[in-house]
1. I need the shape label for the chain. Rule: rounded when a/c is under 1.5, else prolate if a/b > b/c, else oblate, with a, b, c from the alpha carbon gyration tensor.
2. Considering only Ala33, Ala168, Ala250, give the residue with the highest GNM mean-square fluctuation for the chain, with springs between Cα atoms whenever their separation is below 10 Å.
3. For the range 90-205, state what percent of all Cα-Cα pairs lands in each successive 5 Å bin, counting from 0 Å until the bin that includes the largest distance.
4. Could you give the length gained by full extension between Ser185 and Ala250, i.e. 0.36 nm per residue of separation minus their alpha carbon distance, to one decimal place?
5. Taking N as the number of residues in the range 230-282, what is its alpha-carbon radius of gyration divided by 2.2 N^0.38 Å?
6. Can you list the aspartates and glutamates whose alpha carbon is less than 17 Å from that of Lys5, not counting same-chain residues fewer than 8 positions off?
7. Could you name the lysines whose alpha carbon sits less than 20 Å from that of Lys120, not counting residues in the same chain fewer than 8 places away?
8. Would you mind working out the accessible area per residue for the chain, using a 1.4 Å probe, and quoting it in Å²?
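The values are calculated or read from the model by the stated rules, or taken from the named source; none is laboratory data. Small disclaimer: the values here were computed from a predicted structure and weren't measured. Methodologically, a virtual Cβ is constructed for each residue, glycine included, from the backbone with ideal geometry; neighbour enumeration extends over all protein chains shown. What goes into the accessible areas is simple: the full protein's heavy atoms, side chains included, and nothing from ligands, DNA or RNA. Shrake-Rupley method; radii C 1.70, N 1.55, O 1.52, S 1.80 Å.
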Amino acid sequence: GTDDKPLEIEWYMLLDSSDFGAALHDIIDTNWASFWAFPHGMGDFGWPSGGELDLVEWLPAFDTGNGFGLASGMHNAITGAYPPCCMKQDGVMFTSNNPNENGVSPAHDGSGYVLPFSSKFRFWGDVYEEMGAKTRSTSTAAERDHMTQNTILHVYVRMTTSELNIFAKREADPQKPPKISATTSAEQFKKLGYGHVFRGYGELGSNNDCSFHRAFPNELTKSNHGPYDGRRCTNWHQNFFFVWTMARQAPRGDRRKLLFYLSDIHMRGGSKHTAAMQPIDRPSGRNVLTELDSVQNC
């Protein structure tokens, strides 16, 4: 019921890990750099219940040897911060249609959504390896993740009312910006050297997206407001804050530098902030769209 245009976001970024040399796991197990977005609101209507867009997130494990690497995802009122939603075995996030191979649970409503466990979906390093980029090892996602470091990446995000797609190119040249737009197809991105690093689905133009709950009615929420109570759905129409964070959980005495740069951030389309819609189940008299957020400083 809105006149929204596709939301486009693009930028250049560089994760400089040159201070670590070949110590890949020392990076991946402690690095939590991210560029992400969360909505206005407190409590049930704030983060992460109100939705979260992880455009870029290096996923560590904070214990030795179990980190994954750079990934993208989106979360809703049901999943909270884990697992990401809503994905399909469509050749982008999963290269196989075998649920046992992918470690996923299929949806109950025939939507084709899958619920992943233990982050069993493709990371950016996996995509670049499949594109033919050089890699030191193919044994783990963490070892493939070195292809996302020490190289300029150009990232393009397109969010419509039904899909979120992210494309990213290694060894990008900021002096030669690509000719891409809201109509550039996935096949055209591929010809330009971009990897299709994420695709997610949902009723993304809605202030009442219940698609994930319909697909997985028996899953308890992992969010900040307790078990799903049958009423909370995601309001993707809230105004979002965009946040650039750099966090490391390094051992005491580790003085190695990890630098994260973002530049030339452009946002186009979407809807006017004044057209944002309130959640349908907000308490009477409460204006979620003008509240402060519930994210505390680290």
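1. Values: a/c = 1.43, a/b = 1.39, b/c = 1.03.
Rounded, since a/c falls under 1.5.
2. Ala250
3. Each 5 Å bin holds this share of Cα pairs: 2, 10, 19, 20, 20, 15, 9, 3, 1, 0.
4. Details: separation 65, 0.36 × 65 = 23.40 nm, distance 4.08 nm.
Full-extension gain reported as 19.3 nm.
5. My calculation over the Cα atoms of the range 230-282 gives 1.87.
6. Output for Lys5: Glu163, Glu203.
7. Lys88, Lys222
8. On the way: 14130 Å² over 298 residues.
Heavy-atom accessible area per residue stands at 47 Å².
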